[in-house]
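Participant: Mind having a look at this structure? Questions to follow.
The values are calculated or read from the model by the stated rules, or taken from the named source; none is laboratory data. All figures in this text were calculated on a predicted structure; none of them were measured in a lab. Cβ placement follows ideal geometry from the backbone for every residue including glycine, while neighbour counts extend to all protein chains displayed.
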Amino acid sequence: MFVLSQSLLCSGVWSVGGLEVSTGKVNSIEALNGSTVLLPCTFTSCVGIKNLYFDWHYNDNGTMIKLCEGKIPDDKKEPSANVSHKRLEFVGSSKNKNISILLWNITFEDDGKYICFARNPKENNRNHSATFTLKVVDQSLNGSTVLLPCTYSSCIGIKNLYVSWRYNDNGTILKLCEAVIPIEGEEPMVFVYQERVEFVGSSKSNDISMLLWNITFEDEGEYICFARNPKEKGRDHSATFTLKVVDQLKEVDNTLTTIIVSVLGGVIGLVIIVMVIKSLVVHT
């Protein structure tokens, strides 16, 4: 099964010894009210894991609220997770060293800090965590920087996976960037064809996201994340969403801010099933 999805990246990393816990590349997030947000977290360890404990907490004005917790017996066994939040779904997998969660239908009350925590008994139970801040907003702002998130997964593996981002300009498809990922874990060689576009993905986290800097009203429209895996006989897979830009003054600072935009098709969110074909599931 090959899964292509749009996901939200955020930043923070903290490591001691062999274990590292990370939530990505960007310092802060702005997500649309009512959307579904992927709170990503991955781990790596040079000494391996055994009964790795993990949890997610929300810092509610100093009060730590546990969202979920679980354990991963070893590198080859899938995690077990207990979820204590009604709008939360655990979507991690030990295969990708992933302990991410989804937060569905976010509201303004979901503003705040989220902490991904892990403890590895093979490292004498040292504590490791990564923290980021979520800000819930109403609109994507003219002049802001937008993260166009997309991730993939495949149960049969990849070889020379071709990926690209395209923009539908009133029926004319413009290629923004493209890349080929030779094998799992090997970083792609990326070609960027448009100004203000930056590829920020990494094959280590199955991520093929891109940034669109300093958006303008001309950037409104459909953006397509596309992938083709030769190991699936070259089947095409894609995920599409629509960017809407509004006119609102925003103070410019040095903090990179990302805006998650509404998804095409009348459903707001970052994970939407598009199609199912035997070994394929494409969702945004």
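Participant: Would you mind telling me which numbered condition in (1) among the β-branched types (Val, Ile, Thr); (2) assigned to a strand (DSSP E or B); (3) closer than 24 Å to Lys204 by Cα Ile158 fails?
Facilitator: The single condition Ile158 does not satisfy is (2).
Participant: Let me ask another. Looking at (1) in contact (Cβ under 8 Å) with a residue 12 or more places away in the chain; (2) over 20 Å from the mean Cα position of the chain (by Cα), which is the one condition that is false for Lys135?
Facilitator: (2)
Participant: What residue, of Ser144, Ser164, Ser94, is farther than 15 Å from Val21 by Cα, crowded, with 17+ Cβ neighbours inside 10 Å, of a type in the set (Ser, Thr, Tyr) and within 18 Å of the chain's Cα centre (by Cα)?
Facilitator: Of Ser144, Ser164, Ser94, the one residue that is farther than 15 Å from Val21 by Cα, crowded, with 17+ Cβ neighbours inside 10 Å, of a type in the set (Ser, Thr, Tyr) and within 18 Å of the chain's Cα centre (by Cα) is Ser164.
Participant: Check every one of the strands (runs of 3 or more DSSP E) wholly within region 30-138 and list those with 1 or more residues that are under 21 Å from Asp207 (Cα atoms) and not assigned by TED's automatic domain parsing to the domain that holds Ser153.
Facilitator: Strands (runs of 3 or more DSSP E) meeting the threshold: 37-39, 42-45, 88-90, 101-103, 112-120, 126-137.
Participant: Is one or more of the residues making up region 3-10 at pLDDT below 90, surrounded by fewer than 23 Cβ atoms within 10 Å (Cβ to Cβ) and either in the same structural domain as Asn98 (by TED's automatic domain parsing) or in contact with a strand residue (DSSP E or B) (Cβ under 9 Å, 6 or more places away or on another chain) (or both)?
Facilitator: Of all residues in region 3-10, those at pLDDT below 90 come to 3-10.
Then drop every residue that is not surrounded by fewer than 23 Cβ atoms within 10 Å (Cβ to Cβ), which leaves 3.
If we keep only those that are either in the same structural domain as Asn98 (by TED's automatic domain parsing) or in contact with a strand residue (DSSP E or B) (Cβ under 9 Å, 6 or more places away or on another chain) (or both) too, we end up with 3.
Yes: one or more hits.
Participant: Here is a follow-up. Please find, among Arg126, Arg119, the residue that is out of contact with any helix residue (DSSP H, G or I) (no Cβ under 7 Å at 6 or more places or on another chain), charged (D, E, K, R) and buried (at least 18 other Cβ atoms within 10 Å of the Cβ).
Facilitator: Within the list Arg126, Arg119, the selection yields Arg119.
Participant: Under the condition of being surrounded by fewer than 21 Cβ atoms within 10 Å (Cβ to Cβ) and assigned to a loop (DSSP other than H, G, I, E, B), which residue from region 193-213 is modelled with the lowest pLDDT?
Facilitator: Val200
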